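Here is the structure we will look at.
The values are calculated or read from the model by the stated rules, or taken from the named source; none is laboratory data. All values reported here derive from a predicted model rather than from experimental measurement. Because the Cβ atoms are built from the backbone with ideal geometry, glycine has one as well, and the counts that use them run over all protein chains shown. All accessible areas refer to the heavy atoms of the entire protein, side chains included, with ligands and DNA or RNA removed. Shrake-Rupley method; radii C 1.70, N 1.55, O 1.52, S 1.80 Å.
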Amino acid sequence: MAVTLAGTGERLAARLRPGNARSSEDAAELLDERSPRLKEHFDDGLVVADSGFDRSDLRQACQRAGACFAFVG
């Protein structure tokens, strides 16, 4: 899983998972880990991911981080 900065493509985080893990596995935890640092530099956040990431734990992590989210199919 890769977390990148929109517009620049700069990598903010990356996490390797086993091949049998869901694409969205640990996404909420990764957002919880990274959001405090991102808030130091940015006022707004937007999490964009495919529909496989539309999970309650990730939506809740977005809300905790004060980020908007868009999960698209």
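The Cβ shell under 12 Å around ALA67 holds other residues with a net charge of +1, Lys and Arg each +1, Asp and Glu each -1. Sequence-ordered 3J(HN,Hα) estimates for segment 42-47 from the Karplus curve with 6.51, -1.76 and 1.60 and θ = phi - 60° stand at 10, 7, 10, x, 9, 9 Hz, glycine and proline given as x.
Accessible surface computed residue by residue for the chain, with neighbouring protein chains in place and a 1.4 Å probe, gives 71 Å² per residue.
Seen from ALA27, the other residues with C-beta closer than 14 Å to its C-beta sum to a net charge of -1, counting Lys and Arg as +1 and Asp and Glu as -1.
Any idea what the dipole of segment 1-65 comes to, in debye rounded to 20, about its Cα centre with Lys/Arg Cβ at +1 and Asp/Glu Cβ at -1?
On the way: 10 positive and 12 negative charges, 26 e Å.
The dipole magnitude comes to about 120 debye.
Multiplying the residue separation of ARG64 and ASP50 by 0.36 nm and subtracting their alpha-carbon distance yields 3.0 nm.
Hand me the chymotrypsin sites (Phe, Trp or Tyr not before Pro) from the chain located in a DSSP loop with no more than 15 other Cβ atoms within 10 Å, in residue order please.
Working: sites: PHE42, PHE53, PHE69, PHE71; in loops: PHE42.
Here the sparse-neighbourhood loop sites are PHE42.
Taking only Cα atoms, what is the 0 to 90° angle, nearest 10, from helix 56-65's long axis to the longest principal axis of the chain? With rounding to tens, the tilt is 10 degrees.
In this simple spin-label approximation, ALA13 and ASP32 carry label points 7 Å from Cα along the Cα→Cβ vector, and these lie 1.1 nm apart. Mind checking the angle between helix 27-39 and the chain's longest principal axis? C-alpha axes, 0 to 90 degrees, to the nearest 10. Orientation of helix 27-39: about 10 degrees from the principal axis.
Projecting the Cα atoms of ALA70, SER56, ALA14 onto the charge dipole of the chain (Cβ charges, centred on the Cα centre) puts ALA14 farthest toward the positive pole.
For the chain, which whole percent of the accessible surface, found with a 1.4 angstrom probe, sits on carbon and sulfur atoms? Each step should come with its number before you reach the end.
Details: 2510 of 5210 Å².
Taking all protein chains in place, the chain shows 48 percent carbon and sulfur surface.
For LEU12, the shell of other residues with beta-carbons less than 10 Å away shows a net charge of +2, using +1 for Lys and Arg and -1 for Asp and Glu. For PHE69, nonlocal amide neighbours, meaning residues 5 or more places apart or on other chains whose placed amide H falls under 5 Å from its own, are VAL47. Of the trypsin sites (Lys or Arg not before Pro) found in the chain, those in coil by DSSP whose Cβ has at most 14 other Cβ atoms within 10 Å are ARG15, ARG22.
For the chain, the relative contact order is 28 percent, taking Cα pairs closer than 8 Å that sit 6 or more residues apart in sequence and dividing their mean separation by the residue count.
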